[in-house]
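Here the structure comes first, spelled out in structure tokens, and everything after it is commentary.
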Amino acid sequence: MEFRLFTPEDAVAVASAALSRAGAGVARIDGVRSVGEETRRNLVLRARATQDGAGPRSIIIKATRAAAYDARAANAYQAFGFVKEWAATSILARHASAPLFTPALLAHDLEQGVLVYEDLGENLPTLVGPLLHGTATEAEQALIAYADALAALHGATSGCRESHSAILRSGFPSAVIPPPAHRWIESVARAPHALLGGDFPEDEAELILEHIRQPGCWQALVHGDPCPDNVLHAGDGRAILVDFEFARPGHALFDAAYWRMGFPTCWCAGTVPADVMHRVGQAYRAGIVDVVPDANSDDAFRRESAIIDAAWLLDSLAWLLKGALAEDGMWGRATNRSRIMTYLRQAIHSAEAVGILPRLRSLATAWQEDLRCRWPDTMPLSDFPAFARLSYDRSDT
């Protein structure tokens with residue numbers, strides 16, 4: 001990505017003006033420190049803000065570095081994570097429960113591409129720590145808090161598609177929102193078939209697409225990238241979700257598949273034992289059942305989860321398979337080939353357990369055997385280190 005010339009001083013000046021417009025009195029910002037790496041797509045600063053009549057408070061300033069950023073562009077929503085994040089956090093700002101699972105948006109300047117958030121505290125641990133360095137008990141507790149936060153997000157934003165569109169139009173009137181899963185069968189579902197062959201199950205792909213486009217009771221704001229490093233842990237045990245640059249209205253179970261699918265968009269990839277997976281899923285279901293009654297039904301939940309696991313499989317193969325066939329690449333703590341073998345295993349298992357998608361299962365099984373022959377030394381993802389020292393039965397989810 002080409003970066004624009006936008007300095008920390010620029011970001012502070014824009015943030016100060018935005019806070020002044022949003023609050024009572026002129027905002028003064030000092031104590032500015034950079035957070036994160038210089039090569040990242042966002043400039044992130046921690047600072048202290050003071051306004052007339054109020055004591056100082058710690059804030060986070062987040063500015064897009066994209067040189068092409070244009071708030072008036074028709075493709076602003078598709079092209080810039082900043083736009084998605086503003087729309088998502090603006091929706092959440094309307095919900096009283098949101099501060100329990102995400103930082104509050106305090107101010108913004110959409111023309112300049114700057115957001116100002118409350119700072120929840122320096123050096124808060126992320127979910128990465130318990131998974132890689134904690135005990136099995138610590139990791140499971142952290143995963144359950146993570147599932148609780150996702151359930152709270154989805155419950156608070158259930159049925160948000162129209163309100164999301166309205167908010168987006170209010171801030172970015174020129175932006176066009178493409179239809180959900182536009183050309184998904186042609187560009188995604190058929191992509192692995194073009195590389196590995198087999199009998200493509202058009203009818204089952206259409207079924208999956210229908211669930212993506214029309215999630216029914218599962219329609220909510222999807223975080224889109226709920227990776228371990230995007231999950232902070234507060235001192236009271238709550239998980240806090242940050243970085244909504246991929247957020248969109250969609251099927252909630254795309255987020256709630258992460259612990260089953262090995263955290264598919266994350267550098268910190270890995271699996272969890274079957275019994276832990278089950279308990280984390282139960283925590284998620286308990287957190288959302290008041291809004292989504294289908295979460296109370298084992299059959300309904302497992303069937304819907306299997307359909308979304310299949311969608312994740314096809315999405316991930318469309319993204320990774322071509323490169324992995326040419327050579328194996330390391331992404332974070334796992335290879336792409338290991339990730340692919342994990343997605344195949346889990347999607348096959350999920351659909352088999354509830355007796356659905358028989359033709360896709362058969363095709364995925366054939367792909368799995370083909371890739372095992374091509375990649376004889378490749379193993380699926382292993383359990384996170386917190387669980388690796390223990391022996392679990394992986395036969396049931």
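Couple of notes before you dig in:
- Entry remark, region 382-397: residues being surrounded by fewer than 17 Cβ atoms within 10 Å (Cβ to Cβ), modelled with pLDDT of 50 or more and in a loop (DSSP other than H, G, I, E, B) number 3 in total.
- Subset of region 131-168 [among the charged types (D, E, K, R) and open to solvent by 40 Å² or more (accessible area, probe 1.4 Å)]: Glu138, Asp148, Arg161, Glu162
- Scope region 179-194; condition open to solvent by less than 50 Å² (accessible area, probe 1.4 Å) and within 21 Å of the chain's Cα centre (by Cα); matching residues: Ala181, Trp184, Val188, Ala189
- For region 195-204, residues that are outside any loop (DSSP other than H, G, I, E, B) and open to solvent by 50 Å² or more (accessible area, probe 1.4 Å) total 3.
- Residue in region 53-69 that is over 17 Å from Gly23 (Cα atoms), surrounded by fewer than 18 Cβ atoms within 10 Å (Cβ to Cβ) and at pLDDT 90 or above present: yes
- Scanning region 372-381 for any residue that is surrounded by 15 or more Cβ atoms within 10 Å (Cβ to Cβ) and in a helix (DSSP H, G or I) turns up nothing.
- Segments classed as strands (runs of 3 or more DSSP E), wholly inside region 205-301, with at least 1 members that are farther than 26 Å from Val35 by Cβ: 219-222, 248-251
- Listed by position, the strands (runs of 3 or more DSSP E) inside region 1-72 whose residues that are within 25 Å of Phe246 (Cα to Cα) number at least 3 are 42-51, 57-64.
- Candidates Gln78, Gln112: the one that is open to solvent by 20 Å² or more (accessible area, probe 1.4 Å), touching a residue at least 12 places away in the same chain (Cβ under 8 Å) and farther than 20 Å from Arg161 by Cα is Gln112.
- Just one of (1) open to solvent by less than 40 Å² (accessible area, probe 1.4 Å); (2) under 25 Å from Ile185 (Cβ atoms); (3) free of Cβ contacts under 8 Å to residues at least 60 places away in the same chain fails for Gly329. It is (2).
- Candidate set: region 332-349, residues that are open to solvent by 40 Å² or more (accessible area, probe 1.4 Å) and over 21 Å from Thr365 (Cα atoms); chosen: the one nearest to the chain's Cα centre (by Cα): Gly332
- Matching entry among Arg333, Arg345, Arg361 (being among the basic types (Lys, Arg) and farther than 21 Å from Phe200 by Cβ): Arg333
- Filter pass, Thr126 being on the phi < 0 side of the Ramachandran plot, more than 22 Å from the chain's Cα centre (by Cα), open to solvent by 10 Å² or more (accessible area, probe 1.4 Å) and not small (Gly, Ala, Ser): no
- Put simply, of Ala73, Ala87 the only residue that is out of contact with any Pro (no Cβ under 8 Å at 6 or more places or on another chain) and surrounded by fewer than 19 Cβ atoms within 10 Å (Cβ to Cβ) is Ala73.
- Any hit, region 85-97, residues being at pLDDT below 95, aromatic (Phe, Trp, Tyr) and under 19 Å from Ile240 (Cβ atoms): no
The values are calculated or read from the model by the stated rules, or taken from the named source; none is laboratory data. Only a predicted model underlies this, so the values are computations on that prediction, with no experimental measurement involved. Virtual Cβ from ideal backbone geometry, glycine too; neighbours counted across all protein chains shown. The area values use the complete protein model at the heavy-atom level, side chains included, leaving out ligands, DNA and RNA. Shrake-Rupley method; radii C 1.70, N 1.55, O 1.52, S 1.80 Å.
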